[in-house]
Structures are given as structure tokens and as C-alpha cells.
Amino acid sequence: MVDAKKDIISQLQKDILLWEGFKPPPPGASGLAGLGPVEAAFPNGVFPTGAVHEFLSTEPEHAAAAGGFINGLLSALMQQGGACLWISQSRTLFPPALKVFGVEPDKIIFIDLKKEKDVLWATEEALKCEGLAAVVAEVREISFTESRRLQLAVEQSRVTGFILRGVTRKLSTTACVARWKITPLPSELEGNMPGVGHPRWNVELLKVRNGSPGVWKMEWAAGQFNMIAEPVAEEMLHEERWAG
């Protein structure tokens, strides 16, 4: 009797995750472009596609960092084919920079609109198009009802949506599957070479349904995300030397 109840509860949990957009990984599936521990924070240990992700940015440099991180995700999502729509009022993305992340700019369809309500309408319609790999929308604010409409759209099409949200007033709850905050970190040059190093970010997964929020330091290099190891404190090294 106890085992039967456990089986029923386990199946209900799996069904709820499926309804919320979290699918178990197919046999032999690999992770998404080196996300590693970040993917492990999600139910089933898989970055949820066919869902809407919300990225918060309060400063222009935060929006640029979030855009770069999203481009890294797009490089993986677009490998299976399909274009991406980038919808905004005042676009913050510099298209040639997409090549840093292995994305050809001509694979992105940019739609620039005058009113934010038109951005949200176009985003909802785009998310219904099954042939797209992803849709990115830049908005200042989005209500729970508006976000719910977007989430309902992707549940049918299985397109992945990214909402780059500039918070201008009180932060509201949304129906998005995850809420992120991406901030830039100083890049590191290799071998005292001149120029600019690989893009680096502080990645915060603030909220995720039935998952585990966390913070990671990441870098984009060699065509994928890479985790940045935390530096060991000098005093810890000193103690280890004495202990040895």
C-alpha cells in the first residue's frame, strides 16, 4: 500500500513537471553548451526549452551582459535549425557581435517597433510559430497576465522564449519558468596578450519552478559556456602547506 502511494505521488510529480514545461532528457542526450551545474539546478537536470525565461537588468551594462549570455544559449538552440526573432523598441544588441557566439547575424530576424504593447503582441504571435528556434523580446515591464499568455503560446509550439526585462518600477511576479540576472565580470587575458578576453558573467538564477536557484561565474570560450573556478584564498594555501 505504501509503495503504491509512493508510485502515485512520483507519477503526479512527473506529470506536473511536464505540464510546466520540464521534459526529462532523452537517452544519451548531452547538456546545453557546457552549462553543467546550471542545468543541474533545473528539474530533471535539463535546461528547459519550449518555455519562457525572464532576464532582469537594471543597468545598460547588465542588459548587454544578459544579451551576450542569451546569444550563447541561442548558439546551442539554433544548431538544430530554425531562425530566431529579436523584437524590441530600442535594440541593445550589436548584430556583428553574434559571431563571437557562433551565431550568424543573418539567422536573426530583427523587428523594431514603436510601442511596447506592439512588442508584446508580436512576441506572443512569434512564439506560436513552431518553425522558430527561439524568440527574444526586450521590454521594460511585463504583467503576470501578459507573461502567462506567452507561456501558453510556447506550451503549444515548444519554441523557447527569452524576455530581456528592464525593471523600471516595482518588480512583479510573472509566469516565466525561470528568472535570471546576468551581470558582467572583468575578462582575463591569456599570456599577457593585448585586447579583450573572453566574455565573463556572474550568472544568478533567482527563481525556478521546482528547482534550486544558485549563483555561478561563467565564461564563453571555445564555442561553449565554461565554469570559472573560484580562486583559493591565500591563507588556505598557506594552511595546507603547513599541514602537509
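The values are calculated or read from the model by the stated rules, or taken from the named source; none is laboratory data. Keep in mind the model is a prediction, meaning the values are calculated, not measured. Areas reflect the complete protein model, heavy atoms only, side chains present, ligands, DNA and RNA absent. Shrake-Rupley method; radii C 1.70, N 1.55, O 1.52, S 1.80 Å.
Take the residues in the range 175-190 that are part of a loop (DSSP other than H, G, I, E, B) and open to solvent by 40 Å² or more (accessible area, probe 1.4 Å), then tell me which one is modelled with the highest pLDDT.
This residue is 186.
As an exercise: evaluate residue 165 against (1) in a strand (DSSP E or B); (2) modelled with pLDDT of 95 or more and give the number of the one condition it does not meet.
Going through the list (1) in a strand (DSSP E or B); (2) modelled with pLDDT of 95 or more, residue 165 breaks only (2).
Could you tell me which residue of the range 111-135 is nearest to residue 55 (Cα to Cα), considering only residues that are β-branched (Val, Ile, Thr) and in a strand (DSSP E or B)? Explain how you work it out, then say what you get.
Step one: of the range 111-135, the residues β-branched (Val, Ile, Thr) are 111, 119, 123, 135.
After this cut, where a residue has to be in a strand (DSSP E or B) as well, the list is 111, 135.
Values: 111: 19, 135: 13 Å.
Applying the filter and picking the extreme gives 135.
Condition check ((1) farther than 16 Å from residue 34 by Cα; (2) at pLDDT 80 or above) across all residues:
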{"site": "173", "(1), (2)": "yes, yes"}
{"site": "218", "(1), (2)": "no, yes"}
{"site": "225", "(1), (2)": "no, yes"}
{"site": "228", "(1), (2)": "no, yes"}
{"site": "238", "(1), (2)": "yes, no"}
